[in-house]
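Enquirer: Pasting in a structure now, in structure tokens, and then I'll have a few things to ask.
The values are calculated or read from the model by the stated rules, or taken from the named source; none is laboratory data. In this text, all values refer to a predicted model and were calculated from it rather than measured experimentally. So basically every Cβ, Gly included, is an ideal-geometry build from the backbone, and we count neighbours across all protein chains shown. Each accessible area value is taken on the protein alone, full model and side chains, heavy atoms only, with ligands, DNA and RNA left out. Shrake-Rupley method; radii C 1.70, N 1.55, O 1.52, S 1.80 Å.
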Amino acid sequence: TLIDFLMGLLPFKKGEILIDGLALEKESVSLWQRKILHVPQNIFLSDTSIRNNIAFGETEDLISEKKIQKSIEAAYLVDFINSLPDGLETNVGEKGLKLSGGQRQRIGIARALYKGGEVLILDEATNSLDMETEKNIIRTINNLDRNITLLIIAHNLSTIEGCDQLVIVKDGNIV
């Protein structure tokens with residue numbers, strides 16, 4: 001719920017959210033939301049290729065192969081994609097049903113990295129990954145451009161080891 005408030009998805013009755021010292025208000029929500037990259041726990045994938053799911057929303061002629069390669073490397077998808085007969089052109093099936101949960105999450109992370117942005121929100125985004133892949137993804141996250149604000153929602157404390165600040169929520173309150 002806290003992240004939904006921060007993303008401007010839920011209105012709040014009391015208090016305010018300050019972004020760089022400015023209050024988040026109705027008029028500024030859409031501008032703020034354009035800066036946010038969100039990797040949810042359950043990734044939406046369309047019934048198309050891995051390439052099109054990473055570059056989600058871009059027309060075929062605008063997809064950057066350089067950005068695709070960079071994002072699949074950062075999301076540790078290279079070996080998986082190279083093992084597929086159709087590589088990046090492999091169809092993931094409706095809602096990504098042809099993939100494991102970890103593979104879907106890594107495609108979601110690659111999508112966020114492909115899009116680029118100022119704020120990256122990982123909402124339990126590593127929970128379906130095996131321990132080695134999670135470690136590699138966390139290493140990638142820790143090496144992201146320091147101009148990117150990273151918000152991580154996690155129950156697993158190893159996921160948040162490199163964070164500068166922790167906000168702990170218990171029984172609906174920030175403690």
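Enquirer: Looking only at the stretch 158-172, filter to residues that are aliphatic (A, V, I, L, M) and part of a loop (DSSP other than H, G, I, E, B); which one of those is surrounded by the most Cβ atoms within 10 Å (Cβ to Cβ)? Show your work before the answer.
Expert: If we filter the stretch 158-172 for residues that are aliphatic (A, V, I, L, M), which is where we start, we get 160, 166-169.
Narrowing further to those that are part of a loop (DSSP other than H, G, I, E, B): 166-168.
Working: Leu166: 8, Val167: 10, Ile168: 7.
If we take residues in the stretch 158-172 being aliphatic (A, V, I, L, M) and part of a loop (DSSP other than H, G, I, E, B), then Val167 is surrounded by the most Cβ atoms within 10 Å (Cβ to Cβ).
Enquirer: If I ask for residues that are assigned to a loop (DSSP other than H, G, I, E, B) and either exposed (fewer than 13 other Cβ atoms within 10 Å of the Cβ) or touching a residue at least 60 places away in the same chain (Cβ under 8 Å) (or both), which ones from the stretch 10-26 would you list?
Expert: Listed by number, the residues that qualify are Leu10, Pro11, Phe12, Lys13, Lys14, Gly15, Glu16, Asp20, Gly21, Glu25.
Enquirer: Still on this structure, I have one more. Could you tell me which numbered condition Gly87 fails, if it satisfies all but one of (1) of a type outside the set (Phe, Trp, Tyr); (2) farther than 21 Å from Glu132 by Cβ; (3) touching a Lys or Arg at 6+ places or on another chain (Cβ under 6 Å)?
Expert: All conditions are met except number (3).
Enquirer: Can you name every residue in the stretch 76-115 that is open to solvent by 40 Å² or more (accessible area, probe 1.4 Å), at pLDDT below 90 and under 16 Å from the mean Cα position of the chain (by Cα)?
Expert: Tyr76, Arg104, Leu113
Enquirer: With the condition being among the hydrophobic types (A, V, I, L, M, F, W, C), touching a residue at least 24 places away in the same chain (Cβ under 8 Å) and under 24 Å from Arg139 (Cβ atoms), I'd like the helices (runs of 4 or more DSSP H) fully within the stretch 27-107 carrying at least 2 qualifying residues.
Expert: Per the criteria, 50-54, 65-74, 78-82.
Enquirer: Considering only the stretch 112-152, how many residues are aliphatic (A, V, I, L, M) and touching a residue at least 40 places away in the same chain (Cβ under 8 Å)? Can you show your working first?
Expert: The initial filter retains those residues of the stretch 112-152 that are aliphatic (A, V, I, L, M), namely 112-113, 119-122, 125, 129, 131, 137-138, 141, 144, 148, 150-152.
Next, from what is left, pick out any that are touching a residue at least 40 places away in the same chain (Cβ under 8 Å): 112-113, 119-122, 125, 137, 151.
Residues that pass the stated criteria total 9.
Enquirer: Would you mention how many residues in the stretch 36-62 are surrounded by 13 or more Cβ atoms within 10 Å (Cβ to Cβ) and more than 12 Å from Arg111 (Cα to Cα)? Steps first, please.
Expert: First, pick out the residues of the stretch 36-62 that are surrounded by 13 or more Cβ atoms within 10 Å (Cβ to Cβ): 36-43, 45-56, 58.
When the remaining residues are screened for being more than 12 Å from Arg111 (Cα to Cα), the result is 36, 41-42, 46-49.
Summing the residues that are surrounded by 13 or more Cβ atoms within 10 Å (Cβ to Cβ) and more than 12 Å from Arg111 (Cα to Cα) in the stretch 36-62 gives 7.
Enquirer: Would you mention how many residues in the stretch 124-157 are open to solvent by 50 Å² or more (accessible area, probe 1.4 Å) and in a helix (DSSP H, G or I)?
Expert: Of the residues in that region, 6 qualify.
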